[in-house]
1. Being among the polar types (S, T, N, Q) and over 20 Å from T5 (Cα atoms) is the requirement here; does T53 meet it?
2. Being assigned to a helix (DSSP H, G or I) and exposed (fewer than 11 other Cβ atoms within 10 Å of the Cβ) is the requirement here; does F105 meet it?
3. Only residues in the range 66-87 that are in contact (Cβ under 8 Å) with a residue 60 or more places away in the chain count as the first member; pair them with residues that are open to solvent by less than 70 Å² (accessible area, probe 1.4 Å) and charged (D, E, K, R), Cβ under 9 angstrom, at least 6 apart or cross-chain, and list the lot.
Amino acid sequence: MEFLTTIAEFFTSTNIPEQFRQVDAAGLFTNPWFLVPFVLFVGYQLYKQAINTLVITGVAIGLWIFSGSPLTRDLIVDGQLQLGKILPLAGVVVAALAIVVYFLFMRSE
């Protein structure tokens with residue numbers, strides 16, 4: 001548990017949770033400086049039929065959205081790690097890793 005506490009203290013000291021909370025997702029996906037390259041990236045990957053890259057991109061975006069959820073927001077309260085919220089968080093991380101490993105190593109294009 002000391003290892004997890006050290007990691008939690010590191011994330012808190014670098015203000016990573018606060019930075020994720022302050023991201024304006026609606027503004028990001030309506031900003032043409034982000035949206036045009038993103039749409040071009042997705043279109044190019046569809047043209048190449050690179051489903052692996054699209055799925056991994058989707059997993060990354062899903063984890064980014066999950067990182068701003070109430071579950072992760074309340075993971076550390078008053079400097080204390082909430083042990084009851086670690087298991088669901090670990091489940092999401094394991095599922096994301098399983099999807100990425102499957103698409104990178106198990107499935108061939």
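1. Yes: the conditions hold for T53.
2. In short, yes.
3. So the pair list comes out as L75/K85.
The values are calculated or read from the model by the stated rules, or taken from the named source; none is laboratory data. Since the structure is predicted, the reported quantities are computational estimates derived from the model, not experimental observations. Here Cβ is always computed from backbone atoms with ideal geometry, including for glycine, and neighbour counts include all displayed protein chains. Quick note on the areas: whole protein, heavy atoms, side chains included, nothing else; ligands and nucleic acids left out. Shrake-Rupley method; radii C 1.70, N 1.55, O 1.52, S 1.80 Å.
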